[in-house]
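Have a look at the structure below, then the notes.
Read the figures in this text as sums done on the coordinates, not as results from a lab. Keep in mind that what you see is a predicted model, and the values were worked out from it rather than measured. Note that each Cβ is placed from the backbone with ideal geometry, even for glycine, and that neighbours are counted across all protein chains shown.
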Amino acid sequence: MEEVFRYRSSSPEETERIGERLSASLKEGDLVALIGELGGGKTRFVRGLAKGLGSKGFVKSPSFTIVNVYEGGRLPLYHIDLYRIGRASEFESAGLDELIYGHGVSAIEWADKAPELLGECRTTVSFSYAGEFEREIEIRVKGAGKV
Ligand SMILES: Nc1ncnc2c1ncn2[C@@H]1O[C@H](COP(=O)(O)OP(=O)(O)OP(=O)(O)O)[C@@H](O)[C@H]1O
Ligand SMILES: [Mg+2]
């Protein structure tokens, strides 16, 4: 079973608030896939997740570091960006699998670059453009659950 929630965001702040709202339902070990075009709002959404979890630190794109860790909140948040990761083997050699199957919540941008990982994400958030400041945000959650 899968539940689908659709939102329309009209500003980066609104996208952050949608992320903040989702964070309340996240549990230890959850994987959240963030997929969709460049500039769709994936990183802004993660900023909302971090805020909602009460994590410290300002979320910015982890593109050059692969993973940023935000601690100090209800759960640690691992913000991962697979944009520059080509193959699953690179993912493993970066030690990411140990991290994501640990005690925190993982938010994985471009998770669709690793289909086997995407399949393990309980929550998938898809972003698409609907105008310069408009974004369609679709949240799919496997199993029952309230967002
Ligand atoms: N409604 C909106 N929601 C989110 N971002 C918006 C919105 N309207 C405009 N923007 C702008 O779009 C950009 C979104 O950038 P962000 O880094 O979050 O995208 P991304 O999906 O992470 O991109 P990338 O694939 O490059 O990592 C920002 O510059 C932001 O100001
Ligand atoms: Mg990003």
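Values for this structure:
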item: Average silhouette area of the chain, convex hull of alpha-carbon atoms, in square nanometres; result: 7.8
item: DSSP-defined antiparallel bridges as percent of all bridges, the chain, nearest 5; result: 60
item: Net charge of neighbours whose Cβ lies under 11 Å from the Cβ of LEU75, counting Lys and Arg as +1 and Asp and Glu as -1; result: -1
item: Net charge of neighbours whose Cβ lies under 15 Å from the Cβ of ALA50, counting Lys and Arg as +1 and Asp and Glu as -1; result: +2
